[in-house]
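The values are calculated or read from the model by the stated rules, or taken from the named source; none is laboratory data. These figures come from a predicted structure and were not determined experimentally. Counting neighbours? That spans all protein chains shown, and the Cβs are built from the backbone with ideal geometry, glycine included. The area values use the complete protein model at the heavy-atom level, side chains included, leaving out ligands, DNA and RNA. Shrake-Rupley method; radii C 1.70, N 1.55, O 1.52, S 1.80 Å.
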Amino acid sequence: MRIAVFGLGFVGLTTALGFADKGYSVRGYDINQERCAEIAGGKVPFFEPGLDDALARNLGKTFILADSAIDAADQSDICFFCVGTPGLPDGSADLAQLLLAIDSVLETVSEVCVLVVKSTIPPGTLNERVTPYVRAKGAGNPVAVNPEFLREGKCWDDFMNPDRIVCGVTDDAAKNVLAELYKLFGAPLHYVEPNTAEFIKYLSNSLLAALISYSNEMALLADAVDGIETARAFRILHEDRRLAGAGINTYIYPGCGYGGYCLPKDIAALDAVALNRGFTPRILEGVISLNNEMPELTARKIARAAGEKTEKIGILGLSFKRGSDDVRDSPAAKIIGALVQGGYVSIYAYDPLAMQEFHNTYRLSITYCASANEVCETCGTVALVTAWDEFQGIDKTFPDTRFVDCRYFLG
Ligand SMILES: NC(=O)c1ccc[n+]([C@@H]2O[C@H](COP(=O)([O-])OP(=O)(O)OC[C@H]3O[C@@H](n4cnc5c(N)ncnc54)[C@H](O)[C@@H]3O)[C@@H](O)[C@H]2O)c1
């Protein structure tokens, strides 16, 4: 079977290398030529454990980098679209990259080639937007949606050992090709209507976001009452036998709000779907509004600890979560922005992986330090914003520094 993958970011590169590692012949293409050149040179453009080895094993063998979309699509049996689906100002998903990517292959692919959307698209999108778009171009190809559930920082493991595979299909042609492809993965394989497949992805992300906002609200409530040891209370909550040992506990914990590429845009997109259909989702709107407030509330907490505006403030952690160099929609950027807005201009930051990416993305006038120790030696007040393991115990090393533990992580 010959596979084409469009978009070689976190999801696309993982998908391409995952299928290549299983022995399928894969051609990958990304519109970003710099990204393609890096990958062609054997370098993964972002931090993702396992991908470097997979690239080294498969590049030039089962994984080929295509020169163009046409080159990638030529003679393919299945095309996966893994391009971005960012949010529009009203929260709804922007399908421009997706439709452009589909457009770029329609004249090349044979009519039996299955077109599969792996990008996250809101319920209703395949049936109401993608399939009509393909048909309007005169193409009769089978069209399907196959949402991806991998987590950044664990892309490779999650893709190679999925807990479930969900395929939204309307015909046997798509179903048969997907069945053949995924038989090597040994996970429960569910064929559902496209709307259901899309909804399952949003069920998952909206639950995670709701748990995070719930935890943040409980932590704020605890702050309003004297003498509550918030971190300890949550850790004891996790011992409940209905929760104990479950990975979900990492989401039932307070912090400074969810960020990253997926949760903020996906929750906003689901809200937009509901509102456009005349339903106001009260819980979802609460989840969003609390999350939007979290950076400002966190910055105020840091400012209260710092006091004078001339105080040097340290920020430990810039990526949106530990174990990743992704800074998209990172709470750190918003917190620093709110501090600067509040008149704190001497800000020193350190992140083990994400400093260059953070600087390139946000261009904030802050000072980057070579280590967490340098931040603590320089600043009287230090906020822990991303819970990197290496920050554990830093409050013991610098007992005179005022730490604001925004992730309830120290101690
Ligand atoms: N990042 C995650 O953890 C994750 C998890 C599950 C699902 N998703 C979803 O998967 C999709 C991709 O996310 P990502 O994090 O991999 O994004 P990304 O930004 O890392 O990668 C997207 C890639 O698509 C490329 N691209 C854009 N238009 C193109 C075109 N016409 N042809 C070829 N390439 C094109 C971009 O250059 C970019 O490299 C999104 O819909 C996202 O919501 C992401």
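For region 47-89, taking the residues that are in a loop (DSSP other than H, G, I, E, B), in contact with a helix residue (DSSP H, G or I) (Cβ under 7 Å, 6 or more places away or on another chain) and closer than 16 Å to residue 10 by Cβ, the one that is most open to solvent (accessible area, probe 1.4 Å) is identified as 49.
Taking residues in region 141-154 that are under 17 Å from residue 187 (Cα atoms), and partners anywhere that are within 15 Å of the ligand (Cβ to nearest atom) and basic (Lys, Arg), the pairs with Cβ atoms closer than 7 Å and at least 6 places apart or on different chains are 146/118; 147/201; 148/118. Residues that are surrounded by 15 or more Cβ atoms within 10 Å (Cβ to Cβ) and not β-branched (Val, Ile, Thr) within region 378-389 comprise 379, 380, 383, 384, 387, 388, listed in sequence order.
Scanning region 64-87 turns up no residue that is among the hydroxyl-bearing types (Ser, Thr, Tyr), free of Cβ contacts under 8 Å to residues at least 60 places away in the same chain and in contact with a Leu (Cβ under 9 Å, 6 or more places away or on another chain). Would you check if there is a residue in region 116-125 being closer than 23 Å to residue 17 by Cβ, in the same structural domain as residue 16 (by TED's automatic domain parsing), within 15 Å of the ligand (Cβ to nearest atom) and among the polar types (S, T, N, Q)? Yes, there is a match, as at least one residue in region 116-125 is closer than 23 Å to residue 17 by Cβ, in the same structural domain as residue 16 (by TED's automatic domain parsing), within 15 Å of the ligand (Cβ to nearest atom) and among the polar types (S, T, N, Q).
Here is a check on your reading of the model: is residue 252 aliphatic (A, V, I, L, M), open to solvent by less than 20 Å² (accessible area, probe 1.4 Å) and within 16 Å of the ligand (Cβ to nearest atom)? Taking the combined requirement at face value, the residue does not satisfy it.
Do we have residue 103 as within 12 Å of the ligand (Cβ to nearest atom), free of Cβ contacts under 8 Å to residues at least 40 places away in the same chain and out of contact with any strand residue (DSSP E or B) (no Cβ under 7 Å at 6 or more places or on another chain) here? Yes; evaluated as a whole, the condition is true for this residue.
Give 170, 131 a once-over and let me know the one that is open to solvent by 10 Å² or more (accessible area, probe 1.4 Å), over 18 Å from residue 72 (Cβ atoms) and assigned to a helix (DSSP H, G or I).
Values: 170 fails: assigned to a helix (DSSP H, G or I).
Just a single option satisfies the conditions, and that option is 131.
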